[in-house]
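Structure first, then comments.
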Amino acid sequence: MDITLKKENYKILQTVKDNSIEECVEADFSLPEYMPEILRIIKSSAEIKINSCRLVGERVTIDGVCELRMIYTGEDGCIYSFSQSKPFTRHCENSGFSEGIDANCKVNVSYVNCRATGTKRAEIKAGLLIRFFVHCEKTEDVISLGDECPIEKKTVPVKVMSLGCKKTRSFSMSDTISLNTPSAFVISSNAVALCTQIRKINNKIMVKGDAVVNICYVNATDKSCTEHIKHKIPVNQILDFEGMEERFSGDVSLCVMALDVIPKGETSGVATAFEISLGIDACVTMWEEKELVVISDAYAVGKNLDLKKNTYSFSTALDEIQDRFVFENDFSVSGEGVGNIVDSFAEITSVDTKNENGEFVIFGSISLSLIIKDRAGSLSSISKIFDYTYKKNVDYEVKTLDCTPDLTLTSLDCLVKGDNNIGVRFEIQVCARVFANELIEGISHIAESEMPLKLNRNAITVYFPQTECESLWSIARRYNTTVKAIALENELEGDTTESLKMIFIPSA
């Protein structure tokens with residue numbers, strides 16, 4: 001008996017994540033002569049810039065720069081800022097990385113400590129938590145048999161999302177902003193990038209969107225005041241992605257990995273413009289929907305078969321979420337009453353999902369950092385953690401879901417709502433694909449056995465069904481005949497014994 005096996009394959013995306021690595025960055029500040037002495041340190045911060053993330057063999061290496069910044073007041077009551085950049089390189093090794101097709105990293109600041117060691121000297125130390133993510137591609141083969149093959153088979157049709165393309169491409173952008181009021185010092189800067197449209201062309205993707213840069217700086221004319229800039233830069237890039245096909249469906253997420261704000265037109269420490277440089281990663285995940293047929297059981301009439309089985313894991317597209325939601329909260333602060341908010345910064349620090357009571361829920365934490373000036377004119381720094389929740393009504397009936405949401409904080413507004421009360425408003429963009437995971441046991445190999453099959457040579461066997469509507473497949477397999485033969489003998493149109501109390505099983 002000739003058994004010709006055909007194979008259909010699908011690709012699974014797996015993420016190999018090693019334990020987080022800690023990095024300590026420190027610097028000694030020595031203020032230049034033109035800057036005043038330190039009266040009080042208000043806040044210290046660390047801004048991370050990732051220049052590259054490389055996967056070579058079993059090692060992922062990142063190169064980056066940590067800009068350590070100290071914000072303080074002098075005896076004149078004005079605001080001053082001083083920063084120093086410290087490069088760092090770290091690597092992570094894992095035997096599972098050798099099969100990786102793409103690598104990313106994420107760096108969070110665990111803590112920043114700063115203390116004055118003199119009137120014009122200070123030391124600052126920051127702890128960084130570096131996480132490496134390596135994505136691997138695993139190919140699974142599902143066998144099939146042609147209709148001409150003399151084997152009885154039981155099949156299960158499935159729709160599966162097969163990985164089409166998983167790549168990260170980096171690109172840079174720059175722009176120059178002219179200032180309405182001159183700048184003395186930059187207090188903080190951050191940026192986000194949003195993808196609004198993609199177009200697939202052969203092995204390329206055209207990406208359109210916006211990069212939004214936020215800058216807070218000290219007014220050079222009145223150093224007791226700060227100014228805020230929100231500048232939008234259009235994103236219009238054509239990126240190469242080998243293996244990309246137009247029929248694939250998926251997403252492109254943009255992540256700002258590096259931001260440089262360089263003062264321009266400086267005279268006597270005053271800038272009239274900022275040159276902005278951005279390093280952005282475009283992370284592409286594309287899928288191909290395939291229809292497969294899994295052979296869950298098989299036998300041959302008159303022959304013995306050797307069967308090998310495998311448990312297949314299939315992912316099916318369940319939902320696509322493209323939405324925005326607003327999270328608001330009020331909180332109280334102690335002191336002499338809030339006069340105004342000097343600077344504000346927030347970041348999403350955790351993201352998780354759950355499916356319960358007919359709702360798909362995305363939840364996590366947002367970290368908020370503020371510099372405020374009270375009614376007496378004193379400056380102070382405040383940090384708060386907020387828990388956010390996004391809910392969507394769904395009718396998912398599956399138990400096992402797979403979803404890694406991409407959340408972007410697109411807007412932050414802070415408002416003084418009373419002497420000691422501050423209101424905050426976060427606007428968050430949600431991009432997520434929800435997959436249902438299903439495990440199906442199927443046959444991964446079929447071959448004719450060398451062991452002979454012992455056959456019952458009765459021409460007709462009388463059989464009494466054990467249950468109502470018993471499966472003809474299970475009966476045919478037990479008596480080594482065919483479903484078709486039993487159905488013809490008993491004039492059955494379906495694939496069960498229906499309501500018959502007795503059936504006849506012919507010998508095949």
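The values are calculated or read from the model by the stated rules, or taken from the named source; none is laboratory data. Just so you know, these numbers come straight off a predicted model, no measurement behind them. Glycine gets a Cβ as well: all are built from the backbone with ideal geometry, and neighbour counts include every protein chain shown. For the accessible areas, the whole protein counts, side chains as well, though only heavy atoms, and no ligand, DNA or RNA atoms are used. Shrake-Rupley method; radii C 1.70, N 1.55, O 1.52, S 1.80 Å.
Average projected area of the Cα convex hull of region 396-508, in nm²?
15.6
Among rounded, prolate and oblate, which fits region 1-86 when a ≥ b ≥ c are the square roots of the eigenvalues of its C-alpha gyration tensor, a/c under 1.5 means rounded, and a/b larger than b/c means prolate?
In terms of gyration-tensor shape, prolate.
Please work out the Kirkwood hydrodynamic radius for region 335-382, using every pair of different C-alpha atoms, and report it in angstroms with one decimal place.
Computed over region 335-382, the radius equals 13.2 Å.
If Arg59, Arg478 are ordered by their accessible area, calculated over protein heavy atoms with a 1.4 Å probe, which sequence runs from highest to lowest?
So the residues, ranked largest to smallest area, are Arg478, Arg59.
If the label point is 7 Å along Cα→Cβ of Val398, which residues in region 229-256 have backbone nitrogen under 19 Å from it?
Counting only backbone N, you get 249-251.
Separation between the Asn458 and Lys384 pseudo-spin-labels, each 7 Å from Cα along Cα→Cβ, expressed in nm?
8.1
Kindly sort Lys43, Lys223, Lys308 by accessible area of their heavy atoms, largest first, with the probe set to 1.4 Å.
Lys308, Lys223, Lys43
For region 237-294, with the dipole built from +1 on Lys and Arg beta-carbon atoms and -1 on Asp and Glu ones, taken about the Cα centre, which of Val294, Val270, Ser249 lies farthest toward the positive end?
Val270
Just subtract the alpha-carbon distance of Thr117 and Asn94 from 0.36 nm times their residue separation and send over the number in nm, one decimal.
Additional length available on full extension: 4.1 nm.
Mind checking which lysines have their Cα closer than 29 Å to the Cα of Lys153? Skip sequence neighbours fewer than 8 apart in that chain.
Lys6, Lys7, Lys11, Lys138, Lys290, Lys303, Lys308, Lys309, Lys399, Lys454, Lys484, Lys501
Run the 1.4 Å probe and let me know the accessible area of Asp330, rounded to the nearest 10 Å².
80
So how exposed is Arg199, as accessible area in Å² (1.4 Å probe, rounded to 10)?
Spelled out: Arg199, probe radius 1.4 Å, area about 140 Å².
Hey, rough spin-label estimate for Ser365 and Ser178, points 7 angstrom out along Cα→Cβ, what's it come to in nanometres?
Rounded to a tenth, the inter-label distance reads 4.5 nm.
Collect residues whose amide H, placed 1.01 Å from N in the peptide plane, falls under 5 Å from the amide H of Val142; neighbours closer than 5 in sequence don't count.
Those qualifying (amide H under 5 Å, at least 5 residues apart or on another chain) are Glu8, Asn9, Tyr10.
Two decimals is fine: what's Rg over Rh for region 267-323, C-alpha atoms, Kirkwood radius as Rh?
Over the Cα atoms of region 267-323, Rg/Rh equals 1.48.
Report, to the nearest whole %, how much of the accessible area of region 43-177 belongs to carbon and sulfur atoms, 1.4 Å probe, protein only.
Carbon with sulfur: 42 percent of the solvent-accessible area.
Grab the Cα-Cα distance for Arg247 and Gln14, subtract it from 0.36 nm times how many residues apart they are, and report the gain in nm with one decimal.
81.7 nm
Would you tell me the accessible area of Ile41, worked out with a 1.4 angstrom probe on the heavy atoms of the protein chains, in Å² to the nearest 10?
40
P(r) for region 71-174, please, calculated from all Cα pair distances in 10 Å bins and given in %.
Percent of Cα pairs in each bin: 8, 22, 20, 17, 13, 9, 6, 4, 2, 0.
Please work out the average accessible area per residue across region 1-85, using the 1.4 Å probe convention, and give it in Å².
52
What is the distance, in nm, between label points placed 7 Å from the Cα along the Cα-to-Cβ direction at Glu58 and at Asp306?
Here the modelled spin labels are 3.4 nm apart.
If you roll a 1.4 Å probe over region 222-374 with all protein chains in place, what percent of the accessible area is carbon or sulfur?
42
For region 389-508, which whole percent of the accessible surface, found with a 1.4 angstrom probe, sits on carbon and sulfur atoms?
Reported share for carbon and sulfur atoms: 48 percent.
Using the heavy atoms of the protein chains and a 1.4 angstrom probe, tell me the accessible area per residue for region 313-414 in square angstrom.
53
Order Leu128, Leu409, Leu13, most accessible first, counting only protein heavy atoms with a 1.4 angstrom probe.
From most exposed to least exposed: Leu13, Leu409, Leu128.
Find the eigenvalues of the gyration tensor of the Cα atoms of the chain, then list the square roots of 5 times those eigenvalues as equivalent ellipsoid semi-axes, largest first, in whole angstrom.
Computed over the chain, the values are 65, 24, 19 Å.
Could you provide, to the nearest whole Å², the per residue accessible area of region 156-257 with probe 1.4 Å?
Dividing the accessible area of region 156-257 by its residue count gives 47 Å².
Take the alpha-carbon positions of region 418-463, form their convex hull, and give its projected area averaged over all directions (one quarter of the hull surface) in nm².
Mean shadow area of the hull around the Cα atoms is 11.7 nm².
Under 15 Å from a point placed 7 Å out from the Cα of Phe325 along the Cα-to-Cβ direction: which residues of region 356-377 have their backbone N that close?
356-366
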